[in-house]
Amino acid sequence: MGKRKEQFYKNQEKFNSKIDNMKAKYLEKNSDSITEYCDMVLNNSEYPESFPKNFELEYNHNNKILIVEYELPQLMYFQKLKVKFNASKMNLLK
């Protein structure tokens with residue numbers, strides 16, 4: 001096996017081991033692993049350019065709640081949506 005290929009497999013094994021370790025700690029409800037994973041998900045999510053990626057995460061181990069404080073875009077960046085409601089076409093009481 002060539003040196004480049006061998007190095008690739010070593011790096012891949014090291015990366016996969018890190019992911020497996022993170023998953024195990026996450027499932028054990030390790031606070032640092034939960035916030036690290038959620039941080040990774042939020043940072044890798046794709047949003048429009050106008051959507052800032054400014055957030056803070058805090059995991060409360062006692063009540064098992066993740067608190068996410070996320071800065072939302074200004075209202076001027078949201079598209080306006082018009083919805084027409086016609087109650088006569090709704091048959092909710094069937």
Item checked: Filter result (at pLDDT 90 or above and in contact with a helix residue (DSSP H, G or I) (Cβ under 9 Å, 6 or more places away or on another chain)) within the range 41-55 -> PHE55
Next item on the list: Output the residue which, of all residues in the range 81-94 that are open to solvent by 90 Å² or more (accessible area, probe 1.4 Å) and not aliphatic (A, V, I, L, M), is modelled with the highest pLDDT.
Entry: LYS84
Notebook entry, point to check: Can you tell me which residue in the range 1-58 is least open to solvent (accessible area, probe 1.4 Å), limited to those that are among the β-branched types (Val, Ile, Thr) and in contact with a strand residue (DSSP E or B) (Cβ under 8 Å, 6 or more places away or on another chain)?
Noted result: ILE34
Next item on the list: Give the range 65-81 a look and list any residue that's among the acidic types (Asp, Glu) and either in contact (Cβ under 8 Å) with a residue 40 or more places away in the chain or assigned to a loop (DSSP other than H, G, I, E, B) (or both), or say none.
Entry: GLU71
Next item on the list: Specify which of the listed residues (ASN62, ASN11, ASN43) is outside any loop (DSSP other than H, G, I, E, B) and more than 17 Å from the chain's Cα centre (by Cα).
Entry: ASN11
Next item on the list: Kindly indicate the residue of the range 56-80 that is modelled with pLDDT of 90 or more and aliphatic (A, V, I, L, M) and also farthest from VAL41 (Cα to Cα) among those meeting that condition.
Entry: ILE65
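The values are calculated or read from the model by the stated rules, or taken from the named source; none is laboratory data. This is a predicted model, so every value here is computed, not measured. Glycine also receives a Cβ, built like all others from the backbone with ideal geometry; neighbour counts cover every protein chain displayed. The accessibility values were calculated without ligands, DNA or RNA, using every heavy atom of the protein model including side chains. Shrake-Rupley method; radii C 1.70, N 1.55, O 1.52, S 1.80 Å.
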